[in-house]
Amino acid sequence: MKKRLIVGITGATGAVYGIALLKALKGIPGWESHLVLTDAGVLNVWHELKLKRKDVERLATVAYHPKDIAATIASGSYVTEGMVIAPCSMKTLAAVAHAHADLVSRAADVVLKERRRLVLMPRETPLNLAHLRNMVAVTEMGGIIFPPVPAFYAAPKSLDDLVAHSVARVLDLFGVHTAKLKRWQGLKGTPAERD
Ligand SMILES: Cc1cc2nc3c(=O)[nH]c(=O)nc-3n(C[C@H](O)[C@H](O)[C@H](O)COP(=O)(O)O)c2cc1C
């Protein structure tokens, strides 16, 4: 059986992260993507990438309508490796933190209760106390907060490079180590040269 990764794309800016994750999963043997794209996610996918719901859903192995609370991923008996929400709005973060359950947050709730891996890529700035507290709550429940903050040490040359780096680091968290990821190799030269 192939390994299933649930991908949530919500209405925060940065739809490109979810799209890049779906595209990456297409190229990884033995893995399937199971997508939930929220209605607000559709707005941002259109605004930022000029893609329609069906264009995004075509990138996934299986796509679920966000209102289909009877979807397989709403049950712990449906085996997955876990879930990534990329990007994750503050609304969905709050829903996950408080076990409020529309399909995207129910799928995350299931991943937490089954002690599977949950990675959220929350996108908002600046952050208010509710956002911060919700991140703490998800962390306390075993989820991983992975804000899409660029890693400049990897010397990105384009936005695609920035996005690909974060997506590869997220996949690392599921034991999928892509050869494309530029990993830190230490600084060249000696400390004396930099003083
Ligand atoms: C263009 C646009 C950009 C947005 N960016 C963000 C954002 O970066 N972070 C966030 O938390 N909400 C953002 N929102 C608001 C969410 O889309 C809104 O809270 C929505 O209800 C989230 O629903 P969902 O979590 O079900 O997708 C944005 C909305 C629009 C229209």
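Points worth noting:
- Rg over Rh, two decimals, the stretch 30-124 (C-alpha only, Kirkwood Rh): 0.94
- The residues neighbouring P66, those whose beta-carbon lies less than 9 Å from its own, together hold a net charge of -2 under the Lys/Arg +1, Asp/Glu -1 convention.
- Choice from S77, S105, S33 with maximal GNM fluctuation in the chain (Cα, 10 Å cutoff): S77
- Reachable lysines, given that their alpha-carbon falls under 30 Å from the alpha-carbon of K52 and they are not under 8 places away in the same chain: K2, K3, K23, K26, K67, K91, K157, K180
- Expressed as a whole percent, the proportion of Cα-Cα pairs in the chain lying more than 30 Å apart is 18%.
- Degrees, to the nearest 10: 129-140 long Cα axis against longest axis of the chain: 90
- Straight-line cross-link reach from K54 at under 18 Å between alpha-carbon atoms covers these aspartates and glutamates, not counting any fewer than eight positions away in the same chain: E32, D39, D68.
- Contact order normalised by residue count of the stretch 45-195, Cα under 8 Å, 6+ apart, percent: 17
- Descending Cα extents along the principal axes, the stretch 117-195, whole Å: 45, 32, 24
- Apportionment of accessible area to carbon and sulfur, the chain, percent (1.4 Å): 58
- Acute angle (nearest 10 degrees) that the helix 15-26 long axis makes with the longest principal axis of the chain, alpha-carbon atoms: 90
- With the alpha-carbon atoms of the stretch 1-75 aligned to their principal axes, the span from lowest to highest coordinate is 36, 29, 18 Å, starting with the largest.
- Restricting the calculation to Cα atoms, the stretch 76-161 shows an Rg/Rh of 1.02 when the hydrodynamic-style radius is the Kirkwood one.
- If only the Cβ of Lys and Arg carry +1 and only the Cβ of Asp and Glu carry -1, the dipole of the stretch 126-195 around its Cα centre is close to 140 debye.
- Cα centre as origin, Lys/Arg/Asp/Glu Cβ charges: the chain dipole, Debye: 400
- Exposure of R194 as accessible area (Å², to 10), given a probe of 1.4 Å and all protein chains: 130
- Dividing the helix sum by the residues of the chain, where each DSSP H run of 4 or more adds -39500 (n - 2.57), gives a mean residue ellipticity at 222 nm of -11500 deg cm²/dmol.
- Helix 39-49 vs. the chain, principal-axis angle (Cα, 0 to 90°, nearest 10): 40
The values are calculated or read from the model by the stated rules, or taken from the named source; none is laboratory data. Bear in mind the structure is a predicted one, so any value in this text is a computation, not a measurement. When we count neighbours, we look across all protein chains shown, and the Cβ atoms used for this are built from the backbone with ideal geometry, even at glycine. SASA here: full protein model, heavy atoms, side chains in, ligands and nucleic acids out. Shrake-Rupley method; radii C 1.70, N 1.55, O 1.52, S 1.80 Å.
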